[in-house]
Structure formats: C-alpha cells, structure tokens
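Undergrad: Please read through the structure below; I'll follow up with questions.
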Amino acid sequence: MIKLFYITRDYKYTAVCLSAIVFLFVCCQKQKDHFIDYIKISDATYLGVSELANALDVPWDIQFNDELNSLFVTEIKGAISRIDIETGIKKQIFTIPNVFHKRTLGLLGMVLHPDFSTNPFIYVAYTTKEGDAIYSELAKLTYENDTVVNSQLLLKIEGASGHNGSRLVFDNNKILYWATGDAHSKTHAQDSTTLNGKVLRLTADGAIPKDNPIHNSYVYAWGFRNIQGMTFTPNGNLMTSEHGDAIEDEINWVRPIHNYGWIDIEGYHDTPKEIEIASKSPRTEPIKAWTPVIAPAGLKYYANTTIPEWNNSLLLTTLKSQSLRVLKMNVGQTSIVKEDIYLKDYYGRIRAVTTDNKGNVYIATSNRDWNPQKGFPLKGDDRILKLSKIDFVPDHYLSAYKYDNTQSLTGKQLYESYCASCHKTDGKGIEGNFPPLINTATVQQDDKLIKTVLNGLNEEITVNNVNYNQPMPSFQFLSDGQVAKILTYIRSNFTNNYPAIDSTKIANYRNK
C-alpha cells in the first residue's frame, strides 16, 4: 500500500484503489461464505457446493427453465414448486389432487415442454389408487401466472405397489417419452402389447405419433424392469438408468423395437441361459452394468465446457451407493469409457440431477423417503444443492472416491454390499418394509436361511407380529463361499449367536 501511494502521488487515486481492493476482498469472502463444501475435479477445476433449497419432502424430479431462470421441482406427496435460482425463493404452484403416496409411489417424473414460452406445459407422471387398484397416470398441466390453471390426463396405465418408473423427456422433434416400470409383473416387460416395462413414445398432446415403430402403439422399446433416469445426448441417443434386481443395475442406449431383456435376461448376456435366450430371440445388452447394485436414479447428459472434465458425460445420481457418478462417453455417445464417483455417502441418497444454461449442476437428495440409510436424514434434508465452478483453490475439498475391487471381501463387506441397504447395517431393517435379522426364526434355522437367500421371497411374511410384503431377490449368483460369509456374518452379529455356515452346506443345498 505504501508503494502504491509513492508511485501514484495521487491521494484520491490511492483511496479509490484501496476501496476497490477492500470491495473485491469482501465480495470474494461473501462468495466463499455461501459455499458449504468444495469438490476437486482436477488440478485446474474446483467446484463450490451451495444450498439452493432445503426442508423438501422427497424431491423426485428437478427441471431447469431458462426463460424463468428457475428450477421446477416435484415432491413425492404431490407438490410442484418453482425455485428462483438467483434468490432461492420457492413457490408452490400446484398440488396433484389424486396422488397416491406409499413407499416409492407418488408424484414422480416431470418434464417441461421444450417451447415453454409459447407452450407453457408441465408434464408429470404419478400414481393413483381406485379401490384396490393402483394406476400410473401421465398428465399435462398448463402453467400461467406462476400457477397451474388446467390439468389434462393424457394416458393411464396399470400400476403397482412398486416398479412404476417414471421419467419423462422430450426429443429434438418435441416428441415425449415416458419410461414405465414393469409393475411387479412377470409378463409385462416381455409383452410388446402392454404398456408396462416400456419406453413409450407420444406426441405433446398424448397421441400416438404416426411414425412410431409399431403402428398404432405407444411402445417404442421394451424389456425394462424399473427405469429411474432418462436423457438424450446431442447425437439424439436416448439413455436410461435402470434398477436391476439383486444384480446388474444398468445404463441402456434405447433404440426403437429393441428388447432389453428383462425378465428373462438381467444385464449383460453372461450366463449360459442368457446367451441361449439371446441367440433365439434378439436382446440388447446395457452399455454399462453394476454388481453389486448401486440403485441408479436421475440421469442427465452434460454438454458444457464450464466443467471441461465432465463435458460429453452422463451425470448419474444413485440411491444405494449415495453418490454422483460421471460417466464419460465416447465421441459417438454410444458407450461409456470412464467412471468417476463423487460425494459417496456424503449427502446421502441422491435422486435427481439437472443442469442450467451456464453449466452449473443441481442435485436433489432423497433422505426422507421410505428407505433412509445410516446417519440420515441430515438436518435440512431434503435439499437441492448447486455445484458451480469456482475461480480459486479452496483450502479443503472432497475428491473423487477411489475403491479397490481386487481384494477378497469379508462377510461384513459382502453384507454391506448386498444386504445393508434393506436390512440396514445394524440388522434392524425397516418395520413394515424390510424384516429384522435379529434372533428371528429364519436366521436361527440353517436350511430356512439358505433357502431364503438363494431363492428369494415373493410372498408376504410375518416377523415379530409385523407383516412384510416387499419382494426379496434371489442371490443365486453369489458363490457358495460368498453366501457362507454373508450368512455367518448375520448369525454372529446383531446380538445373534448361532453357528457358522460353511460353503459345503450351501453347495449341498444347491444340489438338492
């Protein structure tokens, strides 16, 4: 400061410079103060994490609108809101009157008409209930003066207590796509004449496009279990994220009249049975699959150089592995060449993701839903968080998650990979949803426990006078040694004190 004064010999100029420096320092400090965390992407790129909204009731979808510089948000019990990105002010604009919410059911996917300024329509998918019957509905809402003034039902299909989809997206020709779940059916996904377990293709008014691949049918592609994310790449390639059963969560490149395998094939065609099925009836493999499963959710293509390392990537949020994954694509946008994992287990379950026109990324947590993980919900959940590039190097930051898959997993690690998301790390489960594993009849009896793990469950059971009707998948794909490790871990933890189960006993049961 003394040097500046000496060189200029101009008191007024010096005062202005000092004021400018102080102003810049204060502005920079304020900018830093509003970030709650930082993320290192590379030595050249750091992101600041700020909170756009909190205390939400399970936000399921978030969509950016350039004209209003806002995010539109659906919450699972039926509320639709608009959040101003600059001010963070949230205004509820509508509540779906007939939403049926239970566990994973409720108000789900949403998309805005691509010409929103002239066609101010919001499309939403949600579940309803009439008597004992559950349905999935697709509606077109008219937005006017910051409220919804009209609702039109476009399509109504069979629903179920789970597996209802239900993401929505428009292509460049303003054609609407709706991803529907298989509604827990053993036949729908492979039946091209039904509308469940499909990607459906509609006009903006809900009609069947004349150029659909199957004449007079909404069906675009089939063989899906439960799609949870959907996005287009600039090349026009439709990508989806899908929940597997106990294995093979998937990313699929969806093309017309392709069959993606479920329920006969799960994930890659890598077993003799699956290879035989695919040789007789063509099926399309995913471009990426995960075992153990990660529960993939929202999916958004990132096409921006603001975060250069993420350009030409799929941004994927996950529920079970509680992360944001960046899936780098090849030039043709048909395959995934690299995967980076961020925020693992840090903010909890992350269900939705979108971007704005400046290259900022927005994610929505899902910690107040039916299946919270250990340590969640946090104070302020559920939240929408903004990830934006910063022009300084923070003194602390989060880095990409590194994992080692070369080590043989222990019983505890196997349990946490395959069982803990439902039965929880303490074995207590969730009453009415997932049964406990603490001194129950099934845990005590060798044969019953082995049978349950290898064959799965589809019928309702009663444990400690509480009914449970959530299906449990088969874990036949695990080796005898892996099953033995898991069962021995269960029988020697959670206050259980029962003898170990060795791999020979598992092998003998398989051979019965």
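Undergrad: Do you know which residues across the stretch 405-433 are crowded, with 19+ Cβ neighbours inside 10 Å, touching a His at 6+ places or on another chain (Cβ under 9 Å) and not in a loop (DSSP other than H, G, I, E, B)?
TA: Within the stretch 405-433, 415 is the sole residue that qualifies.
Undergrad: Answer yes or no: is there a residue in the stretch 200-209 that is within 18 Å of residue 253 (Cα to Cα) and out of contact with any Leu (no Cβ under 9 Å at 6 or more places or on another chain).
TA: no
Undergrad: So residue 56 fits all but one of (1) closer than 25 Å to residue 342 by Cα; (2) in a strand (DSSP E or B); what number is the exception?
TA: The number of the failed condition is (2).
Undergrad: Something else about it: When the stretch 122-137 is examined, which residues are found to be more than 19 Å from residue 196 (Cα to Cα) and either surrounded by fewer than 20 Cβ atoms within 10 Å (Cβ to Cβ) or not assigned by TED's automatic domain parsing to the domain that holds residue 60 (or both)?
TA: Across the stretch 122-137, the qualifying residue is only 131.
Undergrad: Looking only at the stretch 418-456, count how many residues are among the charged types (D, E, K, R) and closer than 25 Å to residue 345 by Cβ.
TA: Final tally of qualifying residues: 4.
Undergrad: Does residue 264 satisfy being in contact (Cβ under 8 Å) with a residue 12 or more places away in the chain, surrounded by fewer than 22 Cβ atoms within 10 Å (Cβ to Cβ) and among the acidic types (Asp, Glu)?
TA: yes
Undergrad: So, of the residues in the stretch 357-385 that are over 18 Å from residue 309 (Cβ atoms) and of a type in the set (D, E, K, R), which turns out to be modelled with the lowest pLDDT?
TA: My answer is 374.
Undergrad: So which strands (runs of 3 or more DSSP E) are wholly in the stretch 177-245 and hold at least 1 residues that are surrounded by 16 or more Cβ atoms within 10 Å (Cβ to Cβ) and of a type in the set (Lys, Arg)?
TA: Per the criteria, 198-202.
Undergrad: Scan the stretch 499-512 and give yes if some residue there is in contact with a helix residue (DSSP H, G or I) (Cβ under 7 Å, 6 or more places away or on another chain), under 21 Å from residue 293 (Cα atoms) and hydroxyl-bearing (Ser, Thr, Tyr), otherwise no.
TA: Checking the stretch 499-512: not a single residue is in contact with a helix residue (DSSP H, G or I) (Cβ under 7 Å, 6 or more places away or on another chain), under 21 Å from residue 293 (Cα atoms) and hydroxyl-bearing (Ser, Thr, Tyr).
Undergrad: Could you pull out the residue among 278, 289, 295 that is closer than 22 Å to residue 162 by Cα and either basic (Lys, Arg) or in contact with a His (Cβ under 7 Å, 6 or more places away or on another chain) (or both)? Working first, answer last.
TA: Details: 278 fails: closer than 22 Å to residue 162 by Cα; 289 fails: either basic (Lys, Arg) or in contact with a His (Cβ under 7 Å, 6 or more places away or on another chain) (or both).
Within the list 278, 289, 295, the selection yields 295.
Undergrad: Within the stretch 476-487, is even one residue in contact with a strand residue (DSSP E or B) (Cβ under 9 Å, 6 or more places away or on another chain), in a loop (DSSP other than H, G, I, E, B) and either surrounded by 20 or more Cβ atoms within 10 Å (Cβ to Cβ) or on the phi < 0 side of the Ramachandran plot (or both)?
TA: No, that holds for no residue.
Undergrad: I'd like to check which strands (runs of 3 or more DSSP E) are fully inside the stretch 66-110 and have at least 2 residues that are in contact (Cβ under 8 Å) with a residue 60 or more places away in the chain, in the same structural domain as residue 132 (by TED's automatic domain parsing) and within 17 Å of residue 383 (Cα to Cα).
TA: Correct list: 70-75, 79-84.
Undergrad: While we're here: Kindly indicate whether residue 174 is among the basic types (Lys, Arg), under 23 Å from residue 253 (Cα atoms) and either at pLDDT 95 or above or not assigned by TED's automatic domain parsing to the domain that holds residue 217 (or both). Steps first, please.
TA: Details: among the basic types (Lys, Arg): yes; under 23 Å from residue 253 (Cα atoms): yes; either at pLDDT 95 or above or not assigned by TED's automatic domain parsing to the domain that holds residue 217 (or both): yes.
When the stated conditions are applied, residue 174 passes them.
Undergrad: Quick one: residue 32 ticks every box in (1) within 30 Å of the chain's Cα centre (by Cα); (2) modelled with pLDDT under 55; (3) not aliphatic (A, V, I, L, M) except a single one, so which number is it?
TA: (2)
Undergrad: Kindly provide the set of residues from the stretch 251-285 that are of a type outside the set (D, E, K, R) and not in a loop (DSSP other than H, G, I, E, B), ordered by number.
TA: 251, 252, 253, 254, 259, 272, 275, 277, 278, 279 - these are the residues of the stretch 251-285 that are of a type outside the set (D, E, K, R) and not in a loop (DSSP other than H, G, I, E, B).
Undergrad: Check whether at least one residue in the stretch 457-466 is outside the structural domain of residue 326 (by TED's automatic domain parsing) and in a helix (DSSP H, G or I), and report yes or no. Working first, answer last.
TA: In the first step, residues of the stretch 457-466 are kept if they are outside the structural domain of residue 326 (by TED's automatic domain parsing); the result is 457-466.
Those still in the list that are in a helix (DSSP H, G or I) too: none.
Scanning the stretch 457-466, I find no residue that is outside the structural domain of residue 326 (by TED's automatic domain parsing) and in a helix (DSSP H, G or I), so the answer is no.
The values are calculated or read from the model by the stated rules, or taken from the named source; none is laboratory data. Quantities reported herein were computed from a predicted structural model and do not represent experimental measurements. Every residue, glycine as well, gets a Cβ built from its backbone with ideal geometry; the counts of neighbours run over all protein chains shown.
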